[in-house]
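Below: one structure, written as structure tokens.
The values are calculated or read from the model by the stated rules, or taken from the named source; none is laboratory data. The structure displayed is predicted, hence computed values, not measured ones. Every residue, glycine as well, gets a Cβ built from its backbone with ideal geometry; the counts of neighbours run over all protein chains shown.
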Amino acid sequence: MNSFEIHALKQRTKDIIFQVTAIVGLLFAVTVLLLLLINVFQDGWGRLSWQFISSYPSRKPESAGIIAGLAGSFFMVSLAALLSVPVGIGAAIYLEEYGKKNRLGKFIEINTANLAGVPSIVYGLLGLGLFVRWFQLDRSILAGSLTMSLLIMPVIIIATREAIKAVPQGIREASYAVGATKWQTIWHHLLPISFPTILTGIILAVSRAIGETAPLITIGALTYVTFLPKNITSEFTILPIQIFNWVSRPQQAFHENAAAAIIVLIAFTLLLNSVAIILRNKFSR
Amino acid sequence: MNGSSTLLPVSETTEKNRSPFSFSREAYVVTREKVVHAILMLCALVSVFTTLGIILVLLFQTIEFFKEVPIINFLTDTQWTPLFQDKHFGIMPLLSGTLLTSLIALSVSVPLGLIIAIYLSEYAPSFLRKLLKPFLEVLAGIPTIVYGYFALITVTPLLQNIFPSLSGFNALSPGIVMGIMILPLVTSLSEDALRMVPKGLREGGYALGASKLQVSLSIVFPSAFSGIVASVILAFSRAIGETMIVAIAAGQLPNLTANPLQPVATMTSYIVQVSQGDTPYGTLAYNTIFAVAITLFIFTFLLNIISFRLRKKYFSMGGD
């Protein structure tokens with residue numbers, strides 16, 4: 001073997017070592033996550049029953065349930081989506097189709113990117129100062145939904161912009177060529193074409209809203225609620241806060257309740273995320 | 001010719017008959033365009049108002065706080081005990097707790113994330129990449145409260161087998177779990193940056209006889225460096241702002257220490273701690289959470305800006 005061959009062999013060995021390291025790292029990360037998930041399922045599966053889903057919280061872990069959290073999460077997230085989807089899509093249309101060249105548009109664009117990176121707990125304090133105190137909405141579902149709608153709006157704006165950007169320029173020009181106005185072009189062509197991608201963004205935003213805990217703790221959503229929300233001014237709790245409450249207790253039995261509630265929470269968020277990703281992969285082809 | 005002259009009056013009359021309607025129709029369309037434009041602009045402005053709202057709410061309560069506590073104490077005192085009899089308001093213990101957990105998270109997610117990103121972008125067969133990317137995205141959707149449960153219930157007891165002196169609440173376990181949580185973010189953004197490097201650079205390396213690893217590490221990686229730094233900074237910002245994992249597993253005990261085996265409090269976990277209790281509105285203890293939040297906001301804001309600039313510059317250069 002001459003020196004060149006030795007050198008080549010060395011390089012090839014290093015190459016293989018790197019690949020093996022990378023694959024081991026990848027497997028390690030995936031395995032750790034799967035193990036953690038399996039662990040939660042083992043801890044909580046035994047507690048999961050219709051009784052658990054349909055009961056109110058209780059001091060006795062074996063008779064406690066998540067119905068109040070489920071209902072609160074459902075109402076809070078639905079209302080938040082209702083508030084932020086139209087506004088978010090409107091903002092995205094403005095940024096893509098109207099404000100692209102002017103300074104206001106550029107400013108809002110940077111601003112939206114920054115908002116997407118603001119920690120969720122800071123939104124919680126915004127909600128506390130603005131909606132709970134200033135608007136005097138107290139610890140109502142409306143205050144929670146407004147806070148959550150501001151939190152998920154950047155997600156919706158960014159997803160919608162990507163969707164509208166992906167519509168070929170020719171579609172716009174063809175529409176203008178037959179005399180359509182800007183809004184007609186947007187309403188009849190851009191929105192229908194980009195709808196699947198926008199829907200993907202909305203689903204991801206909703207999934208994010210379901211899992212967020214911190215902002216609703218700061219606005220003072222309760223942990224012990226034994227009634228279903230009647231209207232948007234009702235006090236409420238949400239599933240993640242119920243989990244937080246149970247995890248924070250020392251008793252093993254409450255940890256099992258937390259694990260069971262986590263299974264329900266993960267089922268919702270993973271289902272939504274999977275649907276969103278399948279939807280996107282289907283339509284991006 | 002003849003046909004057109006007979007047609008002309010007809011069209012003129014219809015034009016005349018329609019003219020009031022056609023005028024109002026045109027006016028209607030023009031007005032509608034303007035109204036729609038204004039509504040859309042208002043929607044876009046909501047995001048500006050949100051930023052403004054955050055800054056104003058935080059500033060207002062923080063000013064109240066600094067009326068009672070000198071800013072110099074806030075920055076230099078080494079104790080944080082606003083809820084005790086002997087009150088101290090030094091942000092240092094919260095900052096050290098935040099940095100400690102975040103740095104542990106980065107030391108897990110950055111090396112692992114970068115190796116996986118290089119592998120996915122340079123080595124992996126395309127079917128593996130197509131399989132893994134959605135998988136990583138789905139994982140990114142797991143709520144952070146779930147990771148908090150992992151940290152407290154599963155990882156801490158596991159680590160206690162390795163470090164017997166590890167306390168039940170500590171910085172290490174939430175740090176590691178946070179690292180796993182931000183791993184998909186680091187991997188995905190770094191891989192995007194690596195894939196932006198033009199093919200020609202790689203081929204240039206191969207033409208000089210470099211191996212795949214040499215091309216990856218000495219050509220592709222340095223070329224994508226600013227894009228990768230942007231992803232790491234964003235991950236850092238995410239770790240600093242992460243709340244539920246540390247609130248559950250780190251112990252909520254303000255502790256000026258670099259020892260990861262001890263309980264610590266972070267800025268975020270302190271805010272949760274106060275919000276959980278029944279601290280009355282307007283009291284000094286209530287105002288502390290806004291002073292802490294504005295510190296948190298400034299940190300993450302600066303990191304996000306740097307990351308955003310770097311990424312924008314990198315991707316507008318077409319990856320160079």
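Answer yes or no: is there a residue in the range B:198-207 that is part of a helix (DSSP H, G or I), among the aliphatic types (A, V, I, L, M), more than 13 Å from B:Phe315 (Cβ to Cβ) and within 14 Å of chain A (Cβ to nearest Cβ). No: the range B:198-207 contains no residue that is part of a helix (DSSP H, G or I), among the aliphatic types (A, V, I, L, M), more than 13 Å from B:Phe315 (Cβ to Cβ) and within 14 Å of chain A (Cβ to nearest Cβ). Of the helices (runs of 4 or more DSSP H) that lie entirely inside the range B:229-316, those containing 1 or more residues that are more than 19 Å from the chain's Cα centre (by Cα) and surrounded by fewer than 20 Cβ atoms within 10 Å (Cβ to Cβ) span B:267-276, B:284-316.
If you take the residues of the range A:115-139 that are under 21 Å from B:Ile145 (Cβ atoms) and not in a helix (DSSP H, G or I), which of them is farthest from the other protein chains (Cβ to nearest Cβ)? Residue satisfying both the conditions and the ranking: A:Arg139. Can you name the condition, by its number, that A:Ser175 falls short on among (1) under 21 Å from A:Leu79 (Cα atoms); (2) touching a His at 6+ places or on another chain (Cβ under 9 Å)? Failed condition: (1).
Within the range B:155-178, being part of a helix (DSSP H, G or I) and either surrounded by fewer than 18 Cβ atoms within 10 Å (Cβ to Cβ) or more than 10 Å from every other protein chain (Cβ to nearest Cβ) (or both) holds for B:Thr156, B:Pro157, B:Leu158, B:Leu159, B:Gln160, B:Asn161, B:Ile162, B:Leu172, B:Ser173, B:Pro174, B:Gly175, B:Met178. Residues in the range A:9-45 that are free of Cβ contacts under 8 Å to residues at least 12 places away in the same chain and β-branched (Val, Ile, Thr): A:Thr13, A:Ile16, A:Ile17, A:Val20, A:Thr21, A:Ile23, A:Val24, A:Val30, A:Thr31, A:Val32, A:Ile38.
Restricting attention to the range A:91-114, the residues that are facing chain B (nearest Cβ under 10 Å), farther than 14 Å from A:Ala159 by Cβ and not polar (S, T, N, Q) add up to 10.
Kindly evaluate A:Leu199 against the criterion of being under 15 Å from the mean Cα position of the chain (by Cα), away from every other protein chain (no Cβ under 14 Å) and touching a residue at least 24 places away in the same chain (Cβ under 8 Å). So A:Leu199 fits the description; yes. Counted as qualifying within the range A:159-256 are the helices (runs of 4 or more DSSP H) with 3 or more residues that are assigned by TED's automatic domain parsing to the domain that holds A:Tyr123 and within 30 Å of A:Arg47 (Cα to Cα), namely A:191-211, A:214-218, A:239-247. Read through the list (1) within 15 Å of the chain's Cα centre (by Cα); (2) of a type outside the set (Phe, Trp, Tyr); (3) surrounded by fewer than 17 Cβ atoms within 10 Å (Cβ to Cβ), then give the number of the only condition that A:Thr233 fails. Just one mismatch for A:Thr233, condition (1).
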